[in-house]
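So the structure is just underneath, and the comments pick up after that.
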Amino acid sequence: MFGKTKIYTVESVTTGHPDKVCDQISDAILDECLRGDSQSRVAVENFGGHGILNIGGEVTTKSEVDFEEIAKQVYRDIGYEEDLEIISNIACQSSDIAQGVDTGGAGDQGIMYGYATDETEEYLPKGLVLAHKLAEGLENLRNSGEVSWLLPDGKSQVTIENNKVKSALISTQHKENISQEEIREILIQKIIKNVISDEDIEIYINPTGKFVQGGFEADTGLTGRKIMVDTYGGLAPHGGGAFSGKDPSKVDRSAAYMARFVAKNIVANKLAKKCMVSVAYAIGKAEPLMVETLDENGNSLAQFVNDKFDFRPKAIIERLDLQKPIYRKTACYGHFGKQGLPWEVVEDLT
């Protein structure tokens with residue numbers, strides 16, 4: 001996104017998308033572990049589809065957690081009513097990993113990135129903000145009861161050309177016996193026109209012509225499979241590590257949050273118009289292998305960042321107060337740009 005990109009496309013999905021169902025279940029389990037034990041170690045993933053949900057991973061916690069009941073409650077909260085057969089296979093965290101993490105080291109090796117831009121008040125790319133608003137608009141319209149035929153699964157997509165919206169796409173699950181013409185008219189009037197102010201855009205609604213089957217009935221879902229929706233829409237690099245279901249000792253999550261915190265503060269303090277932060281770790285080691293920070297012109301701000309911010313895992317957890325049950329609300333519509341999250345707080349860097 002640091003180049004002169006004139007056209008790009010980004011997507012978002014609703015809470016009822018199969019992958020997002022799994023993300024929410026993973027983060028709800030994480031929250032429940034942290035609620036009773038802030039030192040919990042959690043790495044939980046889910047694989048669901050066609051009536052069956054598999055919960056697997058590693059948990060070390062003093063909390064009493066009913067994994068199956070949490071999964072069922074999240075599924076109901078989203079709006080699905082069918083029963084799920086749940087298979088749970090949770091083990092304790094490897095002692096080999098724990099011996100490095102317990103001393104303050106990173107829970108894994110890897111590269112994490114953070115990004116911010118001054119083009120929106122969320123400090124995110126315009127297209128990504130709009131895509132999330134379209135998808136969330138679907139859910140809000142369904143939950144309000146104003147449109148009775150909307151069902152939980154759905155997607156959005158926005159194409160930006162020369163900083164203007166070129167096209168908008170919404171695919172939504174719906175009940176039988178509703179015409180695509182009515183679906184198109186209502187979604188344009190009640191969602192798209194309320195979100196997008198650009199005129200003469202191309203609009204696509206349910207391009208296949210029908211979307212009655214959705215969720216686990218139509219497709220499988222997997223925790224961590226929407227990492228671009230979760231971050232920057234593919235407009236900034238991604239190290240490959242997903243977030244949901246991981247406690248903050250896992251730098252895949254906490255260091256990505258810290259990188260976003262730094263990038264946003266660099267831009268908010270007008271030290272750059274765009275900023276990308278990258279950081280890398282070795283498993284069990286506290287000091288990062290590297291921290292780099294670039295502005296929109298490719299100039300390094302690394303020295304300034306290293307003087308102001310501590311990227312050691314324990315320091316990140318303490319600075320951002322990450323051992324609280326705050327994670328389920330991150331599992332939809334992106335982990336960034338939302339108010340009330342500690343890595344979105346703007347500080348004075350002078």
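Each value in this text was obtained by applying a stated rule to the coordinates, not by laboratory testing. Just so we're clear, the structure is a prediction, and the values are computed from it rather than from any experiment. Ideal geometry is used to build each Cβ from the backbone, glycine not excepted, and the neighbour counts take in all protein chains shown.
The residue list Phe261, Ser63, Gly245 was ranked by how far each Cα lies along the charge dipole of the chain toward its positive end, using unit charges on Cβ atoms, and Phe261 comes out on top.
Are there GluC sites (Glu not before Pro) in region 132-202 that DSSP puts in a loop and that have at most 16 other Cβ atoms within 10 Å, and which ones?
Counting only loop positions with at most 16 other Cβ atoms within 10 Å, the GluC sites (Glu not before Pro) in region 132-202 are Glu146, Glu176, Glu199.
Considering only Ile170, Ile227, Ile183, give the residue with the highest GNM mean-square fluctuation for the chain, with springs between Cα atoms whenever their separation is below 10 Å. Result: Ile183 has the largest fluctuation of those listed.
The HN-Hα couplings worked out from phi for region 313-327 by the Karplus form 6.51 cos²θ - 1.76 cosθ + 1.60 (θ = phi - 60°) are x, 5, 5, 4, 4, 6, 5, 9, 6, 8, 9, 10, x, 10, 8 Hz, whole numbers, x standing for Gly and Pro.
Amide H contacts of Lys273 (H built 1.01 Å from N, in plane; Pro and chain starts excluded): Glu296 sit under 5 Å, all sequence-distant by 5 or more or on other chains. With neighbour counts taken as other beta-carbon atoms within 10 Å, the residues Tyr333, Tyr281 rank, fewest first, as Tyr333, Tyr281. Sparse packing (at most 12 other Cβ atoms within 10 Å of the Cβ) combined with a DSSP loop state is found for the following trypsin sites (Lys or Arg not before Pro) in region 252-350: Lys270.
Each DSSP beta bridge with both residues in region 123-234 is either parallel or antiparallel, and the antiparallel ones are about 70%.
Tell me which of Ala28, Tyr333, Thr293 sits at the most positive position along the dipole axis of the chain, charges placed on C-beta atoms (Lys, Arg +1; Asp, Glu -1). Ranked along the dipole, the leading option is Thr293. Restricting region 142-180 to trypsin sites (Lys or Arg not before Pro) that sit in a DSSP loop and have at most 12 other Cβ atoms within 10 Å of their own Cβ leaves Lys175. Across the chain, C-alpha contacts under 8 Å between residues 6 or more apart give a mean separation that, scaled by the residue count, equals a relative contact order of 28 percent. Couplings for region 129-138, taken from phi via the Karplus curve 6.51 cos²θ - 1.76 cosθ + 1.60 with θ = phi - 60°, read 4, 5, 4, 4, 5, 5, 5, 5, x, 4 Hz in order; Gly and Pro are left as x.
Each Lys and Arg Cβ is given +1 and each Asp and Glu Cβ -1; about its Cα centre, region 243-331 then shows a dipole of about 420 debye. Where both bridge residues fall in region 59-208, DSSP classifies roughly 70% of the beta bridges as antiparallel. Stretching the chain fully between Asn140 and Lys190 yields a gain of 16.9 nm (0.36 nm per residue, less the alpha carbon separation).
With respect to the cross-link table entries Lys72/Lys133; Lys62/Lys324; Lys264/Lys285; Lys246/Lys324; Lys126/Lys308, which display a Cα-Cα separation exceeding 23 Å? Before the final figure, lay out each step's value.
Working: Lys72/Lys133 27 Å; Lys62/Lys324 15 Å; Lys264/Lys285 26 Å; Lys246/Lys324 13 Å; Lys126/Lys308 29 Å.
Beyond 23 Å between Cα atoms: Lys72/Lys133; Lys264/Lys285; Lys126/Lys308.
Can you find, among Ala236, Ile87, Asn162, the residue farthest towards the positive end of the dipole of the chain? Put +1 on the C-beta of Lys and Arg, -1 on that of Asp and Glu. The residue sitting farthest along the positive end of the dipole is Asn162. Mean separation of Cα pairs under 8 Å and 6 or more residues apart, divided by the residue count, gives region 219-298 a relative contact order of 18 percent. Exposure proxy ranking for Ser197, Ser156, based on other Cβ atoms within 10 angstrom of each Cβ and starting from the fewest, stands as Ser197, Ser156. Rounded to the nearest 5, the antiparallel percentage of DSSP beta bridges internal to the chain is 80%. Dipole magnitude for region 41-180: about 540 debye, using +1 per Lys or Arg Cβ and -1 per Asp or Glu Cβ, origin at the Cα centre. Residue by residue, region 56-61 carries 3J(HN,Hα) couplings of x, x, 10, 9, 10, 7 Hz when phi is fed to the Karplus relation 6.51 cos²θ - 1.76 cosθ + 1.60 (θ = phi - 60°); x denotes Gly or Pro.
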